[in-house]
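Student: Sharing a structure with you now.
The values are calculated or read from the model by the stated rules, or taken from the named source; none is laboratory data. None of these values were measured; they are calculated from a predicted model. As a convention, Cβ positions derive from the backbone with ideal geometry for all residues, glycine included, and neighbour counts pool all protein chains shown. Accessible surface areas use protein heavy atoms only, side chains included; no ligands, DNA or RNA. Shrake-Rupley method; radii C 1.70, N 1.55, O 1.52, S 1.80 Å.
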Amino acid sequence: MQDQAMLEGFDAPSAPTDRLFLALLPDLSAVKRVATLTQQLRDEHGLKAKPISPERLHVTLHHVGDYLGIPTSTMSALRDAVGSWSSPSFVLTFDRVSSFSGKPGKLPLVLLGGEGVAEVTAFQSQLDQILARAGVSKTSKSSYTPHLTLLYGDRRVDERPIEPITWPVQDFVLVHSLIGQGQYTILGRWPLVVDRLKG
């Protein structure tokens, strides 16, 4: 990993190749339930798109940035910022499904939640501010909608309730994605504080 520098006589690639983002990953039980639900929705709505592979299922917390290579300065600042942060674990619950707007033929079909996503929304807001103060990235200007993408469908699915899909969030991760290649690598993982007195 190194910072990219322009070398005299060489042209830089025209587009970023590497994406960094922070995310939550579903546990094994949730992954299985997501797979079952996704197949059910494909059958019911005649969706031809392939489901997102289990190892790529995630809930995005913060898009750090797109780069040519992985900048070491950004990585160092990010690790320092989140490594010194302590936050309690929480439970995440999705209780409905709907299509987001998107490119024709590639409409994101996603899990959404109501009260069950309140804690992740607060968590994301704190994370956003911590990263901004550390100079890693700016705070998001748009509102945050926690969601988990199931597939990119060729037709819209109207919002409908589902049997809740829940998992305990005990850590968050830094994901490195090779843009356009569908390859994810976990570069860091940070535990949340589990309250042993609960339950």
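Student: Does Ser143 count as within 27 Å of Val193 (Cα to Cα), free of Cβ contacts under 8 Å to residues at least 24 places away in the same chain and surrounded by fewer than 19 Cβ atoms within 10 Å (Cβ to Cβ)?
Tutor: yes
Student: Sort through Phe100, Phe94 and tell me the only one that's among the aromatic types (Phe, Trp, Tyr), in contact with a Gly (Cβ under 7 Å, 6 or more places away or on another chain) and under 21 Å from Asp43 (Cα atoms).
Tutor: Testing whether each residue is among the aromatic types (Phe, Trp, Tyr), in contact with a Gly (Cβ under 7 Å, 6 or more places away or on another chain) and under 21 Å from Asp43 (Cα atoms) leaves just Phe94.
Student: Let me ask something else. Looking at region 97-109, which of the residues that are of a type outside the set (A, V, I, L, M) and in a strand (DSSP E or B) is nearest to the chain's Cα centre (by Cα)?
Tutor: The selected residue is Pro108.
Student: Which of the residues spanning region 110-135 are part of a loop (DSSP other than H, G, I, E, B) and either open to solvent by 20 Å² or more (accessible area, probe 1.4 Å) or on the phi > 0 side of the Ramachandran plot (or both)?
Tutor: Passing the criteria: Gly114, Ala134, Gly135.
Student: Can you tell me how many residues in region 19-53 are assigned to a helix (DSSP H, G or I) and either in contact with a strand residue (DSSP E or B) (Cβ under 9 Å, 6 or more places away or on another chain) or of a type outside the set (Lys, Arg) (or both)?
Tutor: 17
Student: Do any residues in region 174-191 that are closer than 15 Å to Tyr67 by Cα have Cβ atoms under 6 Å from those of residues that are open to solvent by 50 Å² or more (accessible area, probe 1.4 Å) and assigned to a loop (DSSP other than H, G, I, E, B), where the two are at least six apart or on different chains, and which pairs are they?
Tutor: That search, which allows pairs on different chains as well, returns Ile179/Thr17.
Student: Continuing with the same structure: For region 55-71, does any single residue satisfy the condition of being in contact (Cβ under 8 Å) with a residue 12 or more places away in the chain and farther than 20 Å from Phe21 by Cβ?
Tutor: no
Student: Please go through region 159-199 and give me each residue that is in a loop (DSSP other than H, G, I, E, B), modelled with pLDDT under 95 and either β-branched (Val, Ile, Thr) or open to solvent by 50 Å² or more (accessible area, probe 1.4 Å) (or both), ordered by number.
Tutor: Matches in region 159-199: Ile179, Gly180, Gln181, Val194, Asp195, Arg196, Leu197, Lys198, Gly199.
Student: Restricting to region 80-89, count the residues that are surrounded by fewer than 16 Cβ atoms within 10 Å (Cβ to Cβ) and in contact (Cβ under 8 Å) with a residue 24 or more places away in the chain.
Tutor: So the count comes out to 5.
Student: If you scan region 54-79, which residues turn out to be closer than 20 Å to Leu109 by Cα and either open to solvent by 30 Å² or more (accessible area, probe 1.4 Å) or in a helix (DSSP H, G or I) (or both)?
Tutor: Pro54, Glu55, Arg56, His58, Thr60, His63
Student: Would you mind stating whether Arg42 is open to solvent by 20 Å² or more (accessible area, probe 1.4 Å) and within 21 Å of Tyr144 (Cα to Cα)?
Tutor: Criteria not met by Arg42.
Student: Identify, by number, the condition in (1) open to solvent by 60 Å² or more (accessible area, probe 1.4 Å); (2) in a strand (DSSP E or B) that Phe94 doesn't meet.
Tutor: Evaluating Phe94 over (1) open to solvent by 60 Å² or more (accessible area, probe 1.4 Å); (2) in a strand (DSSP E or B) leaves (1) as the failure.
Student: Shifting gears a bit: In this structure, does Thr149 turn out to be within 15 Å of the chain's Cα centre (by Cα), in a helix (DSSP H, G or I), surrounded by 12 or more Cβ atoms within 10 Å (Cβ to Cβ) and at pLDDT 95 or above?
Tutor: In short, no.
Student: State whether one or more residues within region 97-109 are modelled with pLDDT under 95, surrounded by fewer than 17 Cβ atoms within 10 Å (Cβ to Cβ) and closer than 21 Å to Tyr184 by Cα.
Tutor: Yes, some residue in region 97-109 is modelled with pLDDT under 95, surrounded by fewer than 17 Cβ atoms within 10 Å (Cβ to Cβ) and closer than 21 Å to Tyr184 by Cα.
Student: Identify, from the list Val136, Val173, the residue that is β-branched (Val, Ile, Thr) and under 15 Å from the mean Cα position of the chain (by Cα).
Tutor: Just one listed residue meets the conditions, Val173.
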